[in-house]
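Handing you a structure now.
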Amino acid sequence: MAIMSTSALFIGENKNAAAVFSLLLERDFGLDCVSAVNSKHAIELLKNEPHAFGLCIFLLPATGVKEFLEVLKTLPRQIPVMLTADDAHLNHCTQFLPYHPLAAKIAYSVDWQIISTAITRLLRVVDRKERKLAPFCALDANLFLRLEESPYDLYLKLSDDKMVLVFRRGTNILSDDTEKYQLKNHPHFYLKAQDYLQALELFLNKIKETLKAETPLHNDKLSSIAMFTHQNMRQMIQRLGLSDTAIEMANSSIRSIHKMLNSNDKIAEHFTKFLTKKNYLSEHCLAIPFVVAGMATTITSFPAVDLEKITFASMFHDIGLEDLEMAQVRHINDQVERNWGSAKLSVIKQHPYASVELIKKLSGVPADSEKIILQHHERPDGSGFPHGVDYKKISPLSAMFIVAEEFVSSVYDSGLDKMNVDAVMDDLALIFHKGNFLMAFKALQTAVGHGPLQLIKGQ
């Protein structure tokens, strides 16, 4: 029988359970149910026809669940998976599984309506992630200040369903008007989707001209580059709901690091390389200071200079790595060892040392930044690297950096849908519950709206 594009994949040996799910999935969701007896069989089906399935149902307990979840991440499209077991074994079966942004768990012994609601939520998450380009796209208003006239129709967003035209194509852009809009909390102009790609090309060419110039990069130009190339990162920060105070703290800290560019060509070279790239490394380097700033606002008397130390560390902690994929390795486990091999694994484990050695050649490095960089892959249970120290020997600033980086990395690909953030925070709560990490995690909870609003006494 040919597998239809509206199929669900059921993984498990229980034929009765497969029959029940098959009947209900077809009735409520119009999905034909295809059965796989184990994870190996399921992986073969998914790899052969990745576009055939809209949902996976995995019956636990079973072997190969971790491998199955990892394979899901490599497919050309995102497929949600519902992990299910009887009520007595569900938590035991899932507590050691890695976080997956499109995985949910529910006991098959509950009422079908509850299961149906959970599946509906999963499918909605996928639908949001696969939406087409929005009719309007945002760009930072500051980018247009250097243009004498607007090359496009520019809009302000008054609400999710209301846009107002403020500058017609070909009209003069007045800085006073732009500043007025910014004061009224309108930091972006919106372009129609068909104009957006042309605008990207326009500003990208201007950035290339700036980077080729022999004169040093000034702060205002560099800030514009950062605003443009990291628009998606900025929107992620806005969706976190950080306070205005936190955002200003982060911006101030980043500006202080920018000032080092005019006096140190080596740092400038590093900055211009990653600021003009849209990728995991560059975007999460800039997102970390904002998350830490949000955490800092919940800690009494948190020194601004400490935020600058963490900001510097976030910019340079992976400077010792040239391979972007290596930078995405946060933990060393059996699968990482198999994938990378001993030579590359050694580079990954030693890159905190390599990064520290490189920045030792620079002047103006904030105190304690080296220690943060050296410890940024350590973990509270001692399972990290390069030293394998536990929470008792990891500094408070390093703990804040590690918690923030783990959060940013977890939501980078999965997004900030409430279900995803809830799952990430639940996972982090199991990891960061001792010593300096507990204080840092409580600060993160409050900063992103997952904890009571309170001021935590700093150490």
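The values are calculated or read from the model by the stated rules, or taken from the named source; none is laboratory data. All values reported here derive from a predicted model rather than from experimental measurement. Every residue, glycine as well, gets a Cβ built from its backbone with ideal geometry; the counts of neighbours run over all protein chains shown.
Tally time: how many residues in the range 63-90 are within 24 Å of residue 24 (Cα to Cα) and surrounded by fewer than 18 Cβ atoms within 10 Å (Cβ to Cβ)?
Of the residues in the range 63-90, 5 are within 24 Å of residue 24 (Cα to Cα) and surrounded by fewer than 18 Cβ atoms within 10 Å (Cβ to Cβ).
Scan the range 356-400 residue by residue and report those that are at pLDDT below 90 and either under 25 Å from the mean Cα position of the chain (by Cα) or hydrophobic (A, V, I, L, M, F, W, C) (or both).
358, 359, 362, 365, 367
Residues of the range 337-395 being farther than 21 Å from residue 439 by Cβ, part of a loop (DSSP other than H, G, I, E, B) and among the β-branched types (Val, Ile, Thr), which ones?
365
Name the residue that is surrounded by the fewest Cβ atoms within 10 Å (Cβ to Cβ), counting only residues in the range 134-156 that are among the charged types (D, E, K, R) and modelled with pLDDT of 75 or more. Even if it seems obvious, please write down each step before you answer.
Step one: of the range 134-156, the residues among the charged types (D, E, K, R) are 140, 146, 148-149, 153.
Cutting the leftovers down to modelled with pLDDT of 75 or more gives us 149, 153.
Numbers: 149: 12, 153: 18.
By that ranking, first place goes to 149.
Something else: Given the residues 329, 336, which is the only one that is of a type in the set (Val, Ile, Thr) and crowded, with 16+ Cβ neighbours inside 10 Å?
Exactly one of 329, 336 is of a type in the set (Val, Ile, Thr) and crowded, with 16+ Cβ neighbours inside 10 Å, namely 329.
Turning to a different aspect of this structure: Where residues in the range 185-205 are at pLDDT 75 or above and of a type in the set (Phe, Trp, Tyr), which of them is nearest to residue 244 (Cα to Cα)?
Checking each candidate, the answer is 189.
Further, regarding this structure: Of the residues 429, 423, which single one is part of a helix (DSSP H, G or I) and either over 21 Å from residue 448 (Cα atoms) or in contact (Cβ under 8 Å) with a residue 60 or more places away in the chain (or both)?
Matching residue, one of 429, 423: 423.
Give me the pairs, please: first residue somewhere in the range 173-194 and within 17 Å of residue 147 (Cα to Cα) and of a type in the set (A, V, I, L, M, F, W, C), second residue anywhere and at pLDDT 70 or above and part of a helix (DSSP H, G or I), beta-carbon distance under 6 Å, and either six or more positions apart or on two chains.
173/144; 189/141; 191/199
Could I ask something else about it? Which of the residues spanning the range 68-113 are closer than 21 Å to residue 18 by Cβ and in a loop (DSSP other than H, G, I, E, B)?
Result: 79, 80, 86, 87, 88, 89, 108, 109, 110, 111.
Moving on to the next point. Could you check the range 293-306 and list, in sequence order, the residues that are part of a helix (DSSP H, G or I), within 16 Å of residue 439 (Cα to Cα) and more than 18 Å from the chain's Cα centre (by Cα)?
Scanning the range 293-306 gives 296, 306.
Moving on. Residue 50 versus (1) more than 25 Å from the chain's Cα centre (by Cα); (2) within 21 Å of residue 30 (Cβ to Cβ); (3) without any contact (Cβ under 8 Å) to a residue 40 or more places away in the chain: which is the lone unmet condition?
(1)
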